[in-house]
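Asker: Structure in structure tokens, see below.
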Amino acid sequence: MELLRRRIIEDGDCLPGGVLKVDSFINHQMDAMLMKELAAELIRRFEGVEFNKIVTIEASGIAPAIMVGYLLELPVLFIKKSVPVSMNSVYVSSVYSFTKKTEYQLCVSKEFLREGDKVLFIDDFLAHGNAASAMIDLATQAKAEVAGMGFLIEKAFQEGREAIKRRYDVKIESLAIIESLENCNIIFK
Ligand code: 5GP
């Protein structure tokens, strides 16, 4: 998507180790109008795919997910990154964080992810696919179906798409696909 590619070139920054910093419009300060355009494009790409709920992971997936949910008038469920003491009936899955270099647990209440749910998963980044794979694991535990996975930015060189496809047959869409961040040059696919 040209709009997002242009914004990444103008305002994105590259950190060592293949990390793209988009703090000025996605991950810290947010451009709500851009987010609305991105959500509309994700909706267009998943036209014809049936789902009843939007699912994301806190915190940075919430903004695009809620825009998609708002435009489609669907509930938005965000998976938590720790197991709250107040929640005792939950599905849990472990995930390794690429940016934080630690393992943490993803957790979702059995009340909100249910058998028969067909979910559209939305997140800001697809990198190695660990978070997305853990989300698929949670959906499998709940006997829910992941009908599609939509990302704002995919770092193709970290091969998350292949990692997901090896485990689960699902339509994956990314609005900007980065082929390389070598020497901090942002090269799009
Ligand atoms: P994965 O599990 O696919 O390796 O990584 C997905 C998660 O890690 C995303 O939800 C995002 O929060 C974070 N992430 C991975 N790579 C980047 C990056 O280059 N920049 C930023 N800002 N976040 C990233």
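The values are calculated or read from the model by the stated rules, or taken from the named source; none is laboratory data. Keep in mind it's a predicted model, so treat the numbers as computed, not measured. Heads up, the Cβs are rebuilt from the backbone with ideal geometry, glycines too, and the neighbour counts pull from every protein chain shown.
Asker: Can you tell me which residue in the stretch 137-158 is farthest from E179 (Cα to Cα), limited to those that are surrounded by fewer than 20 Cβ atoms within 10 Å (Cβ to Cβ) and within 12 Å of the ligand (Cβ to nearest atom)?
Answerer: Among those that are surrounded by fewer than 20 Cβ atoms within 10 Å (Cβ to Cβ) and within 12 Å of the ligand (Cβ to nearest atom), it is Q158.
Asker: Right, another one. Please verify whether the stretch 69-80 includes one or more residues that are modelled with pLDDT under 95 and away from the ligand (no atom under 14 Å from the Cβ).
Answerer: Checked the stretch 69-80: no residue is modelled with pLDDT under 95 and away from the ligand (no atom under 14 Å from the Cβ).
Asker: Looking only at the stretch 17-38, count every residue that is in contact (Cβ under 8 Å) with a residue 40 or more places away in the chain, of a type outside the set (V, I, T) and either under 17 Å from F78 (Cβ atoms) or surrounded by fewer than 13 Cβ atoms within 10 Å (Cβ to Cβ) (or both) and tell me the total.
Answerer: Residues flagged as in contact (Cβ under 8 Å) with a residue 40 or more places away in the chain, of a type outside the set (V, I, T) and either under 17 Å from F78 (Cβ atoms) or surrounded by fewer than 13 Cβ atoms within 10 Å (Cβ to Cβ) (or both) within the stretch 17-38 amount to 1.
Asker: Select the strands (runs of 3 or more DSSP E) contained entirely in the stretch 96-189, then report the ones holding at least 3 residues which are of a type outside the set (A, V, I, L, M) and within 26 Å of I8 (Cα to Cα).
Answerer: 118-126, 145-155, 171-180
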